[in-house]
Amino acid sequence: MDAVDTRIELGEFLASRRARITPDRAGLPAYGGNRRVPGLRRAEVALLAGVSVEYYTRLERGKGSGVSDSVLEALARALQLDEAEKSHLFDLARAARSSSREPRRRAQPQVRPSVQRILDSMATTPAFVRNGRLDILAINPLGRALYAPVFDDATWPPNLARFCFLDPRAGDLYPDWDDAANTTVALLRTEAGRDPYDRALTGLVGELATRSDDFRTRWAAHDVRLHRTGLKHFHHPVVGDLSLAFDAMELPADTGLTLTAYSAEAGSPSGQALTFLASWVTSPEQPAVAHQEAGEDRPV
């Protein structure tokens, strides 16, 4: 798969957001009787954004190289974009305006030793560091125990998107598989807008689109998401069901890397299950949870 064509992406993203806004939701009269589009017409978006129909039509046709930030702000208001969608719109427009096809500064393929030490010190908290492609670059023992099926593949680094769409065990680990799948694709879409010329990312997207109908359908929806905090459900083969709060924090000193940590309220069923999993990890009867398979270099 070649690099993302930001001109096409910008037009398709605008069209996808336009299709979901009804005239009533936009505060417009539903005139015209039979509507041939599910959402707003181009003329209606242009009216709401204060631009000409011809200009907006050019944007949807991928001719957005000269679009200004003020017009983007107006479009974001007209299409009622949330924070993630607005950021994605600006990312796509910025890439379309740029004459350079150089990728942005990439996340380091290795995690600094001090960050790994932080992970290792979180003995009762599953935690890992990932990049924008959802490669797990570092993880602590409890995190690896929680994501044990992901690490059965000998390939390093393990990739959460490949696991979600190409490994049949994902449906067991994620009871809410549809939500996990939607989130996975939205995160990859968001990253593709930030760095459309990342060959590794476009290669991953191409692989998943070729091998998974579920991925291909979701990718075509152009949904994006900021994944900062929330609740994630697991069905673990050792401790059963867990509902864990997650917090995802970007590492300011490591561009493109995110540290994700899971927790549960003390005394709750999930908290008790997490405590049991932590004791299972350190049990003398169980092998220590390594950072990688034996014989491989540790990712620090």
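The values are calculated or read from the model by the stated rules, or taken from the named source; none is laboratory data. This is a predicted model, so every value here is computed, not measured. Note that we place each Cβ from the backbone using ideal geometry, even for glycine, and neighbour counts take in every protein chain shown.
The set of residues from the stretch 151-178 being in a helix (DSSP H, G or I) and either at pLDDT below 95 or farther than 24 Å from G206 by Cβ (or both) comprises F151, D152, D172, L173. Here F215 meets the list (1) out of contact with any Pro (no Cβ under 7 Å at 6 or more places or on another chain); (2) at negative phi; (3) surrounded by 15 or more Cβ atoms within 10 Å (Cβ to Cβ); (4) not in a helix (DSSP H, G or I) almost entirely, failing just condition (4).
Examine the stretch 28-45 for a residue that is under 20 Å from the mean Cα position of the chain (by Cα) and small (G, A, S), and state whether such a residue exists. No - not one qualifying residue is present in the stretch 28-45. I'd like to know if the stretch 200-211 contains one or more residues that are of a type in the set (S, T, Y), surrounded by 14 or more Cβ atoms within 10 Å (Cβ to Cβ) and closer than 18 Å to I8 by Cα. Yes: one or more hits.
Can you tell me how many residues in the stretch 47-83 are hydrophobic (A, V, I, L, M, F, W, C), free of Cβ contacts under 8 Å to residues at least 40 places away in the same chain and under 24 Å from D223 (Cβ atoms)? Counting residues in the stretch 47-83 that are hydrophobic (A, V, I, L, M, F, W, C), free of Cβ contacts under 8 Å to residues at least 40 places away in the same chain and under 24 Å from D223 (Cβ atoms) gives 7.
Which one of these does L242 not meet: (1) out of contact with any helix residue (DSSP H, G or I) (no Cβ under 7 Å at 6 or more places or on another chain); (2) part of a strand (DSSP E or B)? Tallying (1) out of contact with any helix residue (DSSP H, G or I) (no Cβ under 7 Å at 6 or more places or on another chain); (2) part of a strand (DSSP E or B), L242 fails exactly one: (1). Within the stretch 126-136, at least one residue is at pLDDT 95 or above, of a type in the set (A, V, I, L, M, F, W, C), more than 18 Å from T190 (Cα to Cα) and buried (at least 21 other Cβ atoms within 10 Å of the Cβ). Apart from one condition, A123 fits all of (1) modelled with pLDDT under 95; (2) among the hydrophobic types (A, V, I, L, M, F, W, C); (3) farther than 21 Å from I21 by Cβ; (4) part of a helix (DSSP H, G or I); the exception is (4).
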